[in-house]
Structures are given as structure tokens and as C-alpha cells.
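Working notes for the structure below.
Nothing in this text is a laboratory measurement; each read-out follows from the coordinates by a stated rule. Predicted, not measured: the structure shown is a model, and the values here were computed from it. Here Cβ is always computed from backbone atoms with ideal geometry, including for glycine, and neighbour counts include all displayed protein chains.
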Amino acid sequence: MKRTGAWLARFALEQIGVQHVFGIPGVHTTELFDELASSSSIVPVLVTHEGGAAFMADAVSRTTDRIGTLLVVPGAGLTHAASGIAEAYLDGVPMLVLSGGIHRASGRGYQLHDIDQQALVAAFTKARWRVESQHEIVTTIYRAYTEAMSGCPGPVYVELPVDVLMMSGEAGGLLEWPGLPAPMAAAPELIAEACKLIASARRPGLFVGWGARGARQQLMALADRLGTPVATTLQGLSSFPSDHPLHAGMSFGLAAAPAARQAFKNCDCLIAVGTRFGEIGTGSYSVEVPESLIHIDLDAEVFSRNYPARVAIQADARMAVQALLDALGARGIARSALPMRSRISRDKAAYLHDWRKSGDAQRVNPARLFHSVDAFWAKDAVVVADDGNHTFLTAELLPMPQGRHFISPTDFNCMGYAVPAAIGAKLANPAREVLAVVGDGAFLMTGNELLTAAAQQLGVIVLVFSDGELAQIAQAQTLPYKRKTCTVLNPLDLAAAARATGCEFLAMDSDRDIEPVLIEARRLAASRRPVLVDVRIDYSRRTAFTQGIVSANVKRMPTPDKLRMAMRAVSRRVT
């Protein structure tokens, strides 16, 4: 039977379980978009910008076991999507990126969108292919999917030239997808060595990253057995539940909240699982990592990159932690968790109490807002935070209990993530509530994607933290420069933005509005309408993260630079 290349691509996507394909059609991809419209299992989703398509695909991968997929025109469509693809690349998120390609047999030069796409994506994809014939399409998409999902996950790219998509030929035997390879187990001798370090430690600690999200149950059992405090990276907030009594918070260095700083004081053996010790997770490398570091990760390149590992275990997190649990149990190694639980509970309560009583009474207290969000929202809700000051307010003040999923741009740190990612998360998880938290600066970048939410009838709720500034950078400018340059925003009428994008609009001006507005927002969202909430947030108090990274960076600064910046600050204050 004769089939077009587009039909074969659709067949392969159906076999690997793709449910949504995000993008904007162009002359090189119309054949494939037309095929997707005939699929009984795949829904093509029109976005307003290919960058939004990439963030939507990213959220599908982060919140399900399916791969987020986008289909873009070559050239401009691919460059528009590059930020979202690069975010997935640095954050270790699988993604399948498909694009069209120029007509190879036309004999013409200077074709539309004609650039070297393979070279373009080389810096931010795990692997890439250009399909040269019809017979390669199915196997190439299978290979790409396997590469994206296996080992250290990441985005992959497949270029499908327009002539290959449109060409019709004998399909031949259509191969079914063979499945993913088995996960990598831990070497027994390394597990035994790790057990020896743990047995000799007096104050072990557990540091959990995004790569450990499949090992939640095993990590909780390990923490309980050893009585260890648990800190996470920013992405790792989805890997360990905050309502566990040994969860201390995000990070454990200068940029951590008091509970984590106190719990990890004098830690003499650190078990790090699924983390690369990146800049955000370590609070600008302010964590103090002991010599006895047991590092478990799928990516061998992360070992000893920033902190030397005594024992480096390359393995699947769930299998490695389970092997460690079994070995510790066989040796009878266990410790009481009661003293550590009491200390963490006391420090967490004091920190939240301090946040709730401070600030500007004419604005919305973030701790009180997140307290109500935690009370009202389902415990399996998906929370999407953008990049900015609000990111760390969310991380420090909103609990992420068992089942609640937190996603945020991290290592690439790309603003504009939250609105499109919330859309992707809701499409992928229609039965779960999805809440986005975004600063007004980040909202300006991709807020137009609320048109997509309205068109898809998605009841997502977007809390825009409005303060009229790029708050994270504005705060960082205040101390050394005594002025704000290009961080004060032009006024934005969010009510008008809601009307323009087909959304419901609510305003939250002060603490008295918190509960009624949240209740109404949930009611409107339940009727499958996107809701935009303008939150006049109180940013008068800095997060522990912001204060910590400033301290960490100043400590590392050479003395002459410290003096120069101090003198400039004093001079500007006087003048």
C-alpha cells in the first residue's frame, strides 16, 4: 500500500503514545498537520508562538510519562522554539522536536527558511536527525523517542524535508515500537561502599533533585530509616513531599530557609540523588558538601564536576535507592528520626509565622496567599512557576505535599515559561487542577498564549504577581547600584489583557481579597474557562534564596571589587 511520508510520521507518533502536537503550520509542514487532523489519538494544538509550543511540550513531559512533542516550520519556527528546547535540554526533560525542511530535489538556492538546522540545534539537543527517505521515517522517530527518554533525558530533533513528507510510496512492513531499554541498575560494590560511609556517619543528609522523581517512595523510606533531613533542588520539589516530617526545604546552604540550614549544619555524609549540583539548587554554590559525598545519577558527567564524590553511582535513581535500602536493612543500619523531625517542624513553623506577620498591609502577603492556596487546592494539583522573585516565594512558602507536582524553568532559567507550560500541563492532565504563578514581567512575554487556553477550553488559573518591576533583578540592583535600570515596567492593564484573550479576570488587592478571589477563581476554572488573577503582591521582604545568593556572591568577590562597589553605593546614597 502506498503511503505519504506524512502518514508514516503520524503512524510512528501514534505508536509511541503522543497525544498532543504543539505548533503553527507553515508551507513545509501542512501535509503532516493534515495527517494529524485525521488521527484518532493525536490532537494538533495551534499556539500563538513556537516558544509557547516548546514550553507546552516541556510541561507534558514533566507531568506525565508521555513525551511532549512540537511541530514547527523550519528556520524561524525553530529559532522561536529554541528557548523552550534549551530549557528542556539543561533541565533534563525529554522532548520530541519535529520540523519541516526545504525541498532537497528542487535544484534551487535561497529557498524559504533555508538554514543549517542541524548545526543550529546542536548546542541544545541530545541528538538530531535529518530524514533522507520515506523508509527512514518510522525507525528514525522510534530512535529519537528512545534517545529522548533513555539515560539522562533530553530533547531530540528530527528534520522532515517537505518532499519526503509529501512523497507517496510503498509503505512496506510497518514496525511496531519495540519499547524502551531496561533502566540501569547500581553496581553492588558501590552500594556496599556507600553503606560503609553511611554507617560511619554521625549526621547524614539527603539531597534530592529532579532526576529522583521516580524514587519518591524509596527516598521516603531511606530518610525514615536513617533519620536524615531532606533538602531538594528547585525542580526536586516534585521528588520529595513537603509534608514528610523530614523534609527541610529547598537547598541547604546560605540560600536556604532556616529549617534546612539548621538541619544540615555539621552534615558529615551527604547522599545526593538525581542532582547535578547546579547553581540554582546549591544557592550559587553556597552549600557546604562534606567529603563523604555519595552521588547517584544517570549522567556520569555530573560526578565530581562541582563537588568531589567519594562514591559515584551511575544508575536509575529508583533502583539505586532501593538497592541502598536493601543493603542498609541487611546490615541493620537505622537511626531515630524523632529529634530531627521536631527541629524541622519547629523551624518551619517559626519561618512561616514570621512571614505572615510582616509586610505591607496594603498589598497581598505571599505567605498568607500560599497558605490559602494550600488549603483550597487539591493535593494532586500541578503548580507551575515562572522565572523570577515569585519562583522562590512559591518554593519557600507553598507546600508541595505527596502528589502535588511543581514545575519551573531552572537551569536555563527562561522567563515566559509558566502560562504556556500551564496549558500543556492541563491538556496532559485534564482531571487535575493547574495553577500558574507568574511575575508581571514574565507574563508580558507569553501571556498571549491564554488565547490558546481559551480556544482549548482549559480551566487554568494564572496568578500574576504584579509589582510593576522585574522584581528579582530590581532587588539585586538596589544594594550595589542604589538605582534600578531597565527593571521598572510600563503599566499593564491585566483586565484588558484578559478580555483580549477570552479569559475571566479577578483582582486581588490585599489580604482581605485572598479567600473570596481564590474561591471564585476555582469556580470559574471548573467551568473550563481560563482565569487571570491580578495579585498586588507584597515584595517588601526578600526570600531566603535572594538574600543567600547575594551573600554567597559577595563573599566570593575580590576585596578591591567589594570596596569599589561599596564606595559607589555610598556615593549614590549621598547624592
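Counting pairs of alpha carbon atoms under 8 Å apart in space and at least six apart in sequence, what relative contact order in percent does the range 188-343 give? Spell out each step's value before the answer.
Values: 329 pairs, mean separation 44.9, N = 156.
In percent, rounded to a whole number, it is 29.
Spacing of the modelled spin labels on Ser40 and Val554, each 7 Å from Cα toward Cβ, amounts to 6.5 nm.
Over the range 2-170, what is the relative contact order in percent, taking alpha-carbon pairs closer than 8 angstrom and at least six residues apart?
Working: 357 pairs, mean separation 48.0, N = 169.
Relative contact order comes out at 28 percent.
As a calculated quantity, the FRET efficiency between Ala495 and Phe376 at R0 = 22 Å, using C-beta atoms, amounts to about 0.45. Restricting the calculation to Cα atoms, the range 2-170 shows an Rg/Rh of 0.93 when the hydrodynamic-style radius is the Kirkwood one. By the count of neighbouring beta-carbon atoms within 10 Å, fewest first, Arg305, Arg202, Arg318 end up ordered Arg202, Arg305, Arg318.
Using only the Cα atoms of the range 396-457, build the gyration tensor, take square roots of its eigenvalues as a ≥ b ≥ c, and label the shape rounded, prolate or oblate: rounded if a/c is under 1.5, else prolate if a/b is larger than b/c, else oblate. Cα axes put the range 396-457 in the oblate bin.
Across the chain, Cα pairs under 8 Å and at least six residues apart give a relative contact order of 13 percent. Rg over Rh for the range 359-542 works out to 0.94, using Cα positions for both radii and the Kirkwood form for Rh. Considered as an equivalent ellipsoid built on the Cα gyration tensor, the range 509-575 has semi-axes of 44, 15, 10 Å, the largest given first.
Going by neighbour counts of Cβ atoms within 10 Å, the residues Trp355, Trp210 line up, fewest first, as Trp355, Trp210.
Taking a cut-off of 18 Å, what percent of all Cα-Cα pairs in the range 316-396 are separated by more than that? Mind showing how you got there, number by number?
Values: 2134 of 3240 pairs.
The proportion of pairs with Cα distances above 18 Å equals 66 percent.
Compared with the dominant Cα axis of the chain, that is its longest principal axis, helix 418-428 is turned about 60°. Taking 17 Å as the straight-line reach from the Cα of Lys357, the lysines in range (excluding those fewer than 8 positions away in the same chain) are Lys348. In terms of its alpha-carbon gyration tensor, the chain comes out oblate; a/c meets the 1.5 threshold, while b/c is at least as large as a/b. Which shape class applies to the range 367-419: rounded if a/c is under 1.5, otherwise prolate when a/b exceeds b/c and oblate if not, where a ≥ b ≥ c are the square roots of the Cα gyration tensor eigenvalues? Prolate is the answer for the range 367-419, as a/c is 1.5 or above and a/b outweighs b/c.
If Lys and Arg each add +1 and Asp and Glu each add -1, what is the summed charge of the other residues whose beta carbon sits under 13 Å from the beta carbon of Ala255? Write down the numbers at each step before the final one.
Working: positive: Arg261, Arg542, Lys555; negative: Glu279, Glu288, Glu396.
That works out to 0.
The DSSP beta bridges internal to the chain are antiparallel in roughly 5% of cases. In terms of other Cβ atoms within 10 Å, Phe277, Phe264, Phe33, Phe376 run from fewest to most in the order Phe376, Phe33, Phe277, Phe264. Of all DSSP beta bridges in the range 359-542, what percent run antiparallel (nearest 5)? Once the DSSP bridges in the range 359-542 are tallied, antiparallel ones form about 5 percent. Straightening the chain between Ala300 and Ser200 buys 33.4 nm, computed as 0.36 nm per residue apart minus the Cα-Cα spacing. With bins 10 Å wide beginning at 0, the percent of Cα pairs of the range 219-264 falling in each bin runs 32, 57, 10.
What are the semi-axes of the equivalent ellipsoid for the range 188-343, taken as the square roots of 5 times the Cα gyration tensor eigenvalues, largest first, in whole Å?
Details: eigenvalues 77, 66, 42 Å².
Square roots of five times the eigenvalues give 20, 18, 14 Å.
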